[in-house]
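The structure appears below as structure tokens.
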Amino acid sequence: MMNLIEQRIISDGIIEPGNILKINNFLNQQIEPDVIYFLAQDLKKRFEGVEMTKILTIEISGIPIATMLGHLLNLPVVFARKQEILNTTEGMYSSQAFSFTHKQQNKVYVPMPFISSADKILIVDDFLANGEASRALIDIVNQAGATVAGIGIAIEKGFMKGGRELRAEGYRVESVVIIDEMDYETKTIHFRQQTKEIYLAGGCFWGTEHYFKQIEGVVETEVGFANGNTENPTYKEVYTDTTGYAETVHVKYHPDVVSLEFLLQMFFKAIDPTSLNKQGHDEGTRYRTGIYYTDPEDLPVIEKVFAEEQKNHQQPLAVEKLPLKNFYTAEEYHQDYLDKNPTGYCHLPLSLFEFARKAKEKK
């Protein structure tokens, strides 16, 4: 399923010779607030938990995205000008940036007082092709003695070297859209699938959802009911234990940031895997544990983690390992329940949430 930006690229984008993509209708000339808000919200989620003090972008099209993101993160936004500021006595950081779209070299400037050595900078821009603009901003951050916290991009041309090289150098690059192929003759565009999904039943879904939200690389969660026997079940119906459904969390994650294997290892740390239909004080078939997959290629990873976990127990695991048959989203008041009700009921200890926040996968 395409996200909003991918949909708008397909409907309004214009491919020109030389791998040029024009999106003037909604970003580069005419700016649509819903598009800017979507981009900012997406980047906010991707960099959740990253320590940042300022956002740095480059004029012109990066400014609206950076400003909305700055509003959401409550961070100041600094932008690099493409013209030297003449009526100032302040020193300047400067660098060179070649524009892939306009095929011209630009010198960019940032007044020295706006970036200090104590700053942790999130770089934001609209496009990433060969990486010239990002490298110019990295150069300015380095001149100031500051730290690059990450690079957030609206649209990355994945078939070009910029993103690949920056990631290889250790920079965290997050792009809302990555285009893997773009053909001027056929007017076709192919997008990279950036997220994967897994459905995890770990007892009461209030705590299980909150636990997985803390893990770096998880970008979206949704609670609901999986692998039951009726259509459109309500929470009250599932609570009767007559529908066959399990309280389940739909987890979307970035495989470049966190692997399925690590997520499943974390899952087993949050459940009693030998307990049948019972987690904590909650009993019933709706509280059974299970891993439900939509991609058959995930099964070998699931089986590997199961085998490793079984070594830790004399009793057989009581965790289901099945393809997802069906999933229905739970009522809105169940979504993000512990965010809305911080003192609400949870079968998991609070220490487990802190553990999830600090957990890092060994690469």
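The values are calculated or read from the model by the stated rules, or taken from the named source; none is laboratory data. None of the values given here were measured: they were computed from a predicted structure. Cβ atoms come from the backbone with ideal geometry, glycine included; neighbour counts cover every protein chain shown. Just the protein is used for accessible areas: all its heavy atoms, side chains included, with ligands, DNA and RNA removed. Shrake-Rupley method; radii C 1.70, N 1.55, O 1.52, S 1.80 Å.
One table, with the values for the structure above:
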quantity	calculated
Verdict on VAL35 being open to solvent by 20 Å² or more (accessible area, probe 1.4 Å) and either among the polar types (S, T, N, Q) or on the phi < 0 side of the Ramachandran plot (or both)	no
Total residues in the stretch 212-258, condition in a strand (DSSP E or B), buried (at least 23 other Cβ atoms within 10 Å of the Cβ) and either among the basic types (Lys, Arg) or modelled with pLDDT of 95 or more (or both)	8
Residue count, the stretch 259-278 (criterion: acidic (Asp, Glu) and crowded, with 22+ Cβ neighbours inside 10 Å)	0
Residue that is under 19 Å from LYS278 (Cα atoms) and part of a helix (DSSP H, G or I), where the choices are LEU352, LEU338, LEU348, LEU317	LEU352
Of all residues making up the stretch 50-68, the number that are in contact with an Asp or Glu (Cβ under 6 Å, 6 or more places away or on another chain) and farther than 21 Å from LYS107 by Cα	2
When residues of the stretch 168-181 are limited to those that are touching a residue at least 60 places away in the same chain (Cβ under 8 Å) and out of contact with any Phe, Trp or Tyr (no Cβ under 7 Å at 6 or more places or on another chain), the one surrounded by the most Cβ atoms within 10 Å (Cβ to Cβ)	VAL176
Selection within the stretch 259-296 - part of a strand (DSSP E or B) and either among the small types (Gly, Ala, Ser) or closer than 22 Å to GLU220 by Cα (or both)	THR289, GLY290, ILE291, TYR292, TYR293
Meets criteria (at pLDDT below 95, farther than 21 Å from HIS210 by Cβ and either surrounded by 15 or more Cβ atoms within 10 Å (Cβ to Cβ) or under 24 Å from the mean Cα position of the chain (by Cα) (or both)) for LYS363	yes
Every pair of residues 6+ apart whose Cβ atoms lie under 8 Å, when the first sits in the stretch 60-71 and is hydroxyl-bearing (Ser, Thr, Tyr) while the second is open to solvent by 30 Å² or more (accessible area, probe 1.4 Å)	SER61/ASN28; SER61/PHE127; THR67/VAL77
GLN7 being of a type outside the set (Gly, Ala, Ser) and without any contact (Cβ under 8 Å) to a residue 24 or more places away in the chain	yes
Every pair of residues 6+ apart whose Cβ atoms lie under 6 Å, when the first sits in the stretch 251-276 and is touching a residue at least 40 places away in the same chain (Cβ under 8 Å) while the second is aromatic (Phe, Trp, Tyr) and open to solvent by less than 10 Å² (accessible area, probe 1.4 Å)	VAL251/PHE212; ALA270/TYR211
Strands (runs of 3 or more DSSP E) within the stretch 80-134 that include 3 or more residues at pLDDT 95 or above and on the phi < 0 side of the Ramachandran plot	120-128
Residues (in a loop (DSSP other than H, G, I, E, B) and not charged (D, E, K, R)) located in the stretch 145-198	GLY145, ALA146, GLY158, PHE159, MET160, GLY170, TYR171, TYR184, THR186, GLN193, GLN194, THR195
Filter result for TYR292 (surrounded by 15 or more Cβ atoms within 10 Å (Cβ to Cβ), farther than 30 Å from SER175 by Cβ and of a type in the set (Phe, Trp, Tyr))	no
Residues within the stretch 34-65 that are farther than 13 Å from VAL124 by Cβ and charged (D, E, K, R), tallied	4
Exclusive hit being at pLDDT below 95 and either closer than 14 Å to ILE198 by Cα or surrounded by fewer than 18 Cβ atoms within 10 Å (Cβ to Cβ) (or both), set PRO316, PRO342, PRO300	PRO342
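Residues checked against (1) over 22 Å from VAL258 (Cβ atoms); (2) small (Gly, Ala, Ser); (3) in contact (Cβ under 8 Å) with a residue 60 or more places away in the chain; (4) surrounded by fewer than 20 Cβ atoms within 10 Å (Cβ to Cβ):
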| position | (1), (2), (3), (4) |
| --- | --- |
| SER134 | yes, yes, no, no |
| VAL141 | yes, no, yes, no |
| ARG164 | no, no, no, yes |
| PHE191 | no, no, yes, yes |
